[in-house]
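Here is the structure we will look at.
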Amino acid sequence: MVLEDSECDSVFEPHITEEHVETQYGKVHCIMTGTPRANRPAILTFHDVGLNHKSCFEPLFKHEDMQEIIRRLPICHVEAPGQHEGAKTLPTAYSYPTMDQLSEALPSVLKHFGLNSVIGLGVGAGAYILARFALNHPDLVDGLVLININPNADGLMDTVANKITEWTHTLPDTIITQLFGKEEIQNNHDLIATYRHHITTTMNQSNVSQFFRSYKQRTALEVERPIPGGNVNVRTLKCSTLLVAGDNSPAVEAVVDCNAKLNPTKTTLLKMADCGGLPQVDQPAKLTEAFKYFIQGMGYLSSASMTRLRSRTTSSSSLITQSVGTEEKRGRSHTDISMDSISNVNQNMSKSTEVAC
């Protein structure tokens with residue numbers, strides 16, 4: 001079903017509701033923009049560690065090209081317990097939810113706002129939470145856009161390194177190395193200073209530490225790529241999925257690894273050139289473009305609204321590669337195409353694709 005453009009002819013001012021939603025694992029802060037409707041999904045966002053919905057997603061959702069999506073789909077931003085602006089320190093007796101438990105809190109959020117299904121948009125820890133939510137509740141998730149997802153649990157060496165980092169670095173510095181690549185940290189001083197200031201002054205340090213610890217103690221997603229002629233009931237994401245990472249992101253290898261473990265007929269990997277740890281902040285226009293094609297492929301955006309994007313896309317080249325498995329993922333053939341390929345992720349592709357832009 002394609003949503004009609006006539007909905008956008010008049011000046012659009014979405015209704016915004018801000019609430020603390022009670023779940024079985026405590027209250028989560030939610031911001032609902034727009035009005036839920038039975039015939040379409042909502043966009044459900046979840047932020048990364050050290051961030052909240054504003055610092056993680058505001059540059060993306062305030063971009064002019066994103067307004068077409070906002071007019072058509074309601075948006076529900078979910079913030080982990082104690083991660084919203086002005087949050088009080090969580091009680092001493094409060095046991096911070098695990099990543100699994102945070103994913104199981106989301107059905108309560110959907111029920112509270114009357115959402116029948118969602119398109120998930122998550123970053124880092126938020127991407128992991130949304131992926132686990134989709135694995136356990138596939139009937140509630142139409143699609144996923146996962147930025148910087150790491151499907152693996154931290155190994156022993158990671159745990160030791162984390163302990164050493166805790167002893168030698170402040171929490172804001174630790175979070176910065178989690179969010180941004182070395183090149184950004186060394187060269188983009190304004191960006192790093194902005195986010196260090198945000199983590200230090202806007203976020204409750206005690207609460208951030210608990211959320212960060214919960215993320216570092218996550219278990220592996222345990223997804224398995226279906227093999228033709230093999231077991232068709234393997235545990236994997238059943239919805240259309242777009243994996244995103246900047247080529248300078250500290251998570252890029254984990255994202256590539258995640259791609260190798262997912263269903264190749266439903267998954268696209270987008271590696272963004274000249275981009276660091278937060279593509280939605282670094283290059284919101286390019287990510288909006290990919291997001292629009294992804295939603296169009298699902299039938300929730302008409303072709304008429306894509307005209308300006310297509311005219312812009314034809315002036316720049318993109319790259320598509322066919323994934324050939326984990327052991328061969330570094331040896332790939334290349335063919336130049338436009339970003340229209342992203343809209344095909346939901347249209348019975350025979351191979352998974354990697355798109356670089």
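The values are calculated or read from the model by the stated rules, or taken from the named source; none is laboratory data. Remember, predicted model here, so these are calculated numbers, not experimental data. For neighbour counting, all protein chains shown are included, and Cβ atoms are generated from backbone atoms with ideal geometry for every residue, glycine included. Heads up: the accessible areas ignore ligands, DNA and RNA and are worked out on the full protein's heavy atoms, side chains in. Shrake-Rupley method; radii C 1.70, N 1.55, O 1.52, S 1.80 Å.
The number of residues in region 47-75 being within 16 Å of ALA290 (Cα to Cα), assigned to a loop (DSSP other than H, G, I, E, B) and among the acidic types (Asp, Glu) comes to 0.
Being polar (S, T, N, Q), modelled with pLDDT under 90, surrounded by fewer than 21 Cβ atoms within 10 Å (Cβ to Cβ) and not in a helix (DSSP H, G or I) is a description that applies to ASN231.
Scanning region 55-97 for residues that are closer than 22 Å to THR200 by Cβ, over 20 Å from the mean Cα position of the chain (by Cα) and open to solvent by 40 Å² or more (accessible area, probe 1.4 Å) yields GLU85, GLY86, LYS88, THR89. Taking the criterion of being at pLDDT below 95 and either in contact with a helix residue (DSSP H, G or I) (Cβ under 9 Å, 6 or more places away or on another chain) or assigned to a strand (DSSP E or B) (or both), the residues of region 34-46 that qualify are GLY34, PRO36, ARG40. With respect to (1) open to solvent by less than 40 Å² (accessible area, probe 1.4 Å); (2) in contact (Cβ under 8 Å) with a residue 40 or more places away in the chain; (3) out of contact with any His (no Cβ under 9 Å at 6 or more places or on another chain); (4) in a helix (DSSP H, G or I), the lone exception for PHE133 is condition (2). The one condition from (1) open to solvent by less than 10 Å² (accessible area, probe 1.4 Å); (2) among the hydroxyl-bearing types (Ser, Thr, Tyr); (3) farther than 22 Å from LEU221 by Cα that TYR128 does not meet is (3).
Scanning region 234-267 for residues that are surrounded by fewer than 17 Cβ atoms within 10 Å (Cβ to Cβ) and assigned to a loop (DSSP other than H, G, I, E, B) turns up VAL234, ARG235, LYS238, ASP247, THR265. Restricted to region 164-224, the set of helices (runs of 4 or more DSSP H) holding at least 1 residues that are in contact (Cβ under 8 Å) with a residue 24 or more places away in the chain and of a type in the set (Ser, Thr, Tyr) comprises 171-179, 189-201, 205-216.
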